[in-house]
Amino acid sequence: MSTTSLPPSLMATLPGDFYTDPEVFALEQKRIFESMWFCVVRAADLPKPGAFKTVQVGTESILITRARDNSIRAFYNVCRHRGARICTEESGEVKRAFQCPYHAWTYDLEGKLIAAPNLTKMPDIDRVEYGLVNVAVREWLGYVWVCLADEPPSFEDTVLGDVRTRLGDLVSLENYDVANLAVGRRIVYDVKANWKLIVENFMECYHCATIHPELTEVLPEFADGYAAQYYVGHGALFGENIQGFTVDGSEGFDRIPTITEEQDRRYYAITIKPQVFVNMVPDHVILHRMFPLAVDRTVVECDWLYLPEVVASGKDVSHSVELFHRVNQQDFEACERTQPAMSSRTYAKGGVLVPSEHHIGLFHDWVREKLGR
Ligand code: FES
Ligand SMILES: [Fe+2]
């Protein structure tokens with residue numbers, strides 16, 4: 001990939017076709033989304049046995065449910081008879097079994113085949129072997145993570161590794177007790193942009209002064225263009241007269257009691273490859289899960305997580321939610337403005353990264369390595 005020689009201040013980005021070519025996206029589905037740990041649902045959204053959700057992971061539809069022993073299970077949403085989708089709804093609840101709507105093969109919550117028309121006349125059918133195909137599952141931060149690989153990579157090295165790389169350790173995140181927080185608000189954004197534009201945008205703050213007036217008011221250092229993710233372990237300090245991480249700098253809620261003095265009045269951000277962002281402030285955590293659905297379309301589910309007593313008390317979280325909701329809208333609008341230009345002939349060789357964005361080069365190296373390009 002020959003780029004004209006760049007001055008030391010600049011680094012090349014990925015070329016435009018990485019954001020537009022369906023073949024590149026198909027390769028990402030196989031080698032990234034279907035090979036790595038992928039965060040799918042909040043465990044609390046499956047409150048009891050039989051509650052289920054279906055999600056798209058790479059090219060596959062995955063069915064996630066809670067079994068009778070309360071453990072979370074994930075299966076390919078594909079009937080073992082002749083392949084019909086078992087569940088077509090995004091979420092729902094079954095009593096004790098999933099029944100295929102085509103010829104009524106029926107599977108219990110552990111995926112075992114328990115009934116089918118004339119099944120008793122076919123005693124040679126092994127009920128487990130012809131059960132739903134399992135997907136590896138982990139629970140972490142109160143979320144369900146799945147991996148479609150036959151041999152999943154180490155969760156410790158990949159997912160937890162990204163947290164350590166960003167924060168310097170794991171305990172800095174554990175202090176926020178994310179698993180025991182409650183969802184105060186969830187907003188789903190349908191973004192007409194490639195998932196990598198969203199990752200790159202999240203990693204840099206060169207754009208903060210231009211498009212995030214409310215955020216730079218709360219975090220004045222962001223006006224200089226250096227994001228919390230440029231440094232290891234750095235949290236951006238709140239402005240002097242800012243009382244809380246809210247849209248107008250007004251007071252937030254009680255701080256999460258297990259965070260340190262050092263973490264008070266600071267904002268931290270982590271990118272967990274390939275599709276999770278974690279934002280930590282003293283009184284809440286904002287977690288983004290991306291679902292890349294096409295080369296130019298990504299659905300982003302964003303949860304605002306608070307202490308359970310804040311949510312249970314019915315306190316008004318709108319000032320708190322509004323700040324990052326605006327940041328999301330501003331960011332996604334910027335990504336949508338960039339997407340159409342990715343196919344311009346003038347962007348065939350890509351663009352450039354300035355020094356405060358050079359760390360995005362590591363993400364590009366990682367993508368290239370995964371795709372073997
Ligand atoms: S395809 Fe599901 S029962 Fe036939
Ligand atoms: Fe932004």
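The values are calculated or read from the model by the stated rules, or taken from the named source; none is laboratory data. These numbers come from a predicted model, not from an experiment. With ideal geometry, Cβ positions are generated from the backbone for all residues, glycine too; neighbour counts draw on all protein chains shown. Protein only, heavy atoms only, side chains kept; ligands, DNA and RNA dropped before computing areas. Shrake-Rupley method; radii C 1.70, N 1.55, O 1.52, S 1.80 Å.
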Candidate set: region 219-246, residues that are among the aromatic types (Phe, Trp, Tyr) and over 24 Å from Ser318 (Cα atoms); chosen: the one farthest from ligand 1 (Cβ to nearest atom): Tyr226
Scan Val183, Val137 and give me the residue that is outside any helix (DSSP H, G or I), in the same structural domain as Thr246 (by TED's automatic domain parsing) and among the β-branched types (Val, Ile, Thr). Val183
Kindly indicate which of Gly142, Gly184 is away from ligand 2 (no atom under 14 Å from the Cβ) and within 25 Å of Phe33 (Cα to Cα). Gly142
Among the residues of region 203-244 satisfying the criterion of being more than 15 Å from ligand 2 (Cβ to nearest atom) and among the aromatic types (Phe, Trp, Tyr), which is surrounded by the fewest Cβ atoms within 10 Å (Cβ to Cβ)? Tyr231
Taking the options Asp157, Asp190, Asp169, name whichever one is open to solvent by 50 Å² or more (accessible area, probe 1.4 Å), touching a Gly at 6+ places or on another chain (Cβ under 9 Å), among the acidic types (Asp, Glu) and more than 16 Å from ligand 2 (Cβ to nearest atom). Asp169
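Anything in region 294-309 that is open to solvent by 10 Å² or more (accessible area, probe 1.4 Å) and touching a helix residue (DSSP H, G or I) at 6+ places or on another chain (Cβ under 6 Å)? List them, or say none.
Correct list: Val295, Asp296.
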Pairs, first in the same structural domain as Ile62 (by TED's automatic domain parsing) in region 83-96, second among the hydroxyl-bearing types (Ser, Thr, Tyr) and away from ligand 2 (no atom under 16 Å from the Cβ), C-beta under 6 Å, six or more apart: Ala84/Tyr102; Cys87/Thr54; Glu90/Thr54
Considering residues of region 326-350 that are farther than 27 Å from Arg185 by Cα and hydrophobic (A, V, I, L, M, F, W, C) only, the residue farthest from ligand 2 (Cβ to nearest atom): Ala348
Testing Phe291 on (1) touching a Lys or Arg at 6+ places or on another chain (Cβ under 9 Å); (2) surrounded by fewer than 22 Cβ atoms within 10 Å (Cβ to Cβ), one condition comes back false. Which one is that? (1)
In the set Thr158, Thr216, the lone residue that is of a type in the set (S, T, N, Q), at pLDDT 95 or above and within 30 Å of Asp316 (Cβ to Cβ) is Thr216
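Just checking, which of Glu93, Glu110, Glu129 is away from ligand 2 (no atom under 16 Å from the Cβ) and crowded, with 17+ Cβ neighbours inside 10 Å?
Going through Glu93, Glu110, Glu129 in turn, the sole match is Glu110.
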Just checking: which of the strands (runs of 3 or more DSSP E) contained wholly in region 29-130 hold 1 or more residues that are β-branched (Val, Ile, Thr) and more than 30 Å from Arg186 (Cα to Cα)? 106-108, 113-115
